[in-house]
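Q: Take this structure, written in structure tokens, and hold onto it; I'll ask about it next.
The values are calculated or read from the model by the stated rules, or taken from the named source; none is laboratory data. None of the values given here were measured: they were computed from a predicted structure. All Cβ positions, glycine included, derive from the backbone under ideal geometry; neighbour counts span all protein chains shown.
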Amino acid sequence: MKNSKYILLAVLVAGLTSCQTQIENERTERIGSELEAGSCQSGADDFCGGPSDGDCWCDDKCAGFGDCCADIDEVCNATAPPATNSCVASCGGQSASGNCYCDDQCAEFGDCCSDFAAVCTSTPPPPPPPASDSCVASCGGQSASGNCYCDDQCSGFGDCCGDYTAVCDSTNPPPPPVANCDQDARYRVTANFTWNPSNVPNPHWSPLIGATHNAGVTIWDTGVIASNGVKVMAETGSPAPLAAEIQSLNGANQVLQGSGPVDSPGVTSLEFDIQGNFSVVTLSTMVAPSPDWFVGVSGLDLCGANGWIDSVNADLRVLDAGTDSGTFYTSANAVTSPQQPIEFHQGFVVNGQPFPLGSITFQRIQ
Ligand SMILES: [Ca+2]
């Protein structure tokens, strides 16, 4: 049959317009006949694309004609499988594609083929390390774990990672806790009167009068015209009008009033509670007898930079209320007109230094 095929081919080439058509016609007639002998392989060569060395064919039409050699698929149609990124048959080395690895180090290098664990290892690779609750490499944002923060707001929200300060804030340590006076305090105020005149009858002091208040309130001060309550306190020692004035002030918290009169020399004390939003104290007492002289403290803030002040002491210098112009303790009333601002009394100066009539101490007791 092989020879006849070639003979027929030669005849057809000589006598027909389309030898190919005649060959196909003959092959068509053989459809269904037994597959002819032959091989597409001949040593190192093959017959792929044409007739074999026997009766069968090795071209791409043999399937249609039914005359393919038995080994056509093996010899001619064997296409190389696509190289895959797989560890199948590649454990311990590189994948067939060369794109990934299947060895012990691939996990470390991060270039394992996707099926490395399934194909090459009997146990799954260890899970990745848990994301850390650390600010390392996360300053200014969220931790890798997402559980805590490393930005400058985390302190306020209370969700900083534990190492936030060490990692992110080392050059800008958080400020120390701000001292405050949120908790109420209690003070004892003690006036120690040292005034001991030899030429004044019955030297004494009127009851302490004043208030706790906020910094926006001025009950009296140097350079300021005395209120009627201050005038009455300074001229007569009566605390009542000033107490009434204080009670009408929005920024005042509580009236502080001591007992009295208090002999001089002598000591008087008073205890009071104080709140952070009314941390300022004003107290006064009349020098008696006197025209309009008094002593005291004005606008003393007991809440300091480090919280409530433990203890503070002030001299009791004599002030002139600017309402009575008498010049001696026992001078008769002489209204000052126009009223003058409150000022330190220039007569109570010795050798150029103020001459206080005592001192006053605020001691925190709670
Ligand atoms: Ca005066």
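Q: Please identify the pairs in which a residue from segment 314-326 that is more than 15 Å from the ligand (Cβ to nearest atom) has its Cβ atom under 6 Å from the Cβ atom of a residue that is of a type in the set (A, V, I, L, M) and outside any strand (DSSP E or B), counting only partners at least 6 apart or on another chain.
A: Note: pairs meeting the criteria are LEU316/LEU357.
Q: For residues in segment 151-174 being more than 12 Å from SER138 (Cα to Cα) and in contact with a Cys (Cβ under 7 Å, 6 or more places away or on another chain), which is modelled with the highest pLDDT?
A: Per the criteria, the residue is ASP159.
Q: Ok, one more. Modelled with pLDDT under 80, assigned to a loop (DSSP other than H, G, I, E, B) and among the β-branched types (Val, Ile, Thr): does that describe THR84? Before the answer, list the steps.
A: Details: modelled with pLDDT under 80: yes; assigned to a loop (DSSP other than H, G, I, E, B): yes; among the β-branched types (Val, Ile, Thr): yes.
In short, yes.
Q: Quick one: count up the residues across segment 327-345 that are more than 9 Å from the ligand (Cβ to nearest atom), within 20 Å of PRO203 (Cβ to Cβ) and touching an Asp or Glu at 6+ places or on another chain (Cβ under 7 Å).
A: 1
Q: Shifting gears a bit: Of all residues in segment 334-366, how many are polar (S, T, N, Q), surrounded by 13 or more Cβ atoms within 10 Å (Cβ to Cβ) and under 19 Å from PRO197 (Cβ atoms)?
A: From segment 334-366, those polar (S, T, N, Q) are 336-337, 339-340, 346, 351, 353, 359, 361, 363, 366; that's our starting set.
Okay, now just the ones that are also surrounded by 13 or more Cβ atoms within 10 Å (Cβ to Cβ), so 336, 339-340, 359, 361, 363.
Next, only the ones that are under 19 Å from PRO197 (Cβ atoms) stay: 359.
Residues flagged as polar (S, T, N, Q), surrounded by 13 or more Cβ atoms within 10 Å (Cβ to Cβ) and under 19 Å from PRO197 (Cβ atoms) within segment 334-366 amount to 1.
Q: Check off (1) under 56 Å from the mean Cα position of the chain (by Cα); (2) acidic (Asp, Glu); (3) not in a loop (DSSP other than H, G, I, E, B) for ASP221 and give me the number that stays unchecked.
A: (3)
Q: In segment 250-366, which strands (runs of 3 or more DSSP E) lie fully inside it and hold 1 or more residues that are charged (D, E, K, R)? It would help to see each step written out before you state the result.
A: Working: elements: 252-257, 266-274, 280-288, 293-301, 311-315, 358-364.
Filter on segment 250-366 gives 266-274, 293-301, 311-315, 358-364.
Q: Testing ASN250 on (1) under 53 Å from the mean Cα position of the chain (by Cα); (2) within 16 Å of the ligand (Cβ to nearest atom); (3) surrounded by fewer than 17 Cβ atoms within 10 Å (Cβ to Cβ), one condition comes back false. Which one is that?
A: Against the list (1) under 53 Å from the mean Cα position of the chain (by Cα); (2) within 16 Å of the ligand (Cβ to nearest atom); (3) surrounded by fewer than 17 Cβ atoms within 10 Å (Cβ to Cβ), ASN250 comes up short only on (2).
Q: Starting from residues that are crowded, with 19+ Cβ neighbours inside 10 Å and closer than 24 Å to VAL267 by Cβ, keep the ones in segment 299-313 and report whichever is farthest from the ligand (Cβ to nearest atom).
A: Taking segment 299-313 and keeping what is crowded, with 19+ Cβ neighbours inside 10 Å, we get 302-303, 308-309.
If we keep only those that are closer than 24 Å to VAL267 by Cβ as well, we get 302, 308-309.
Working: LEU302: 30, TRP308: 36, ILE309: 32 Å.
Going through the qualifying residues, I end up with TRP308.
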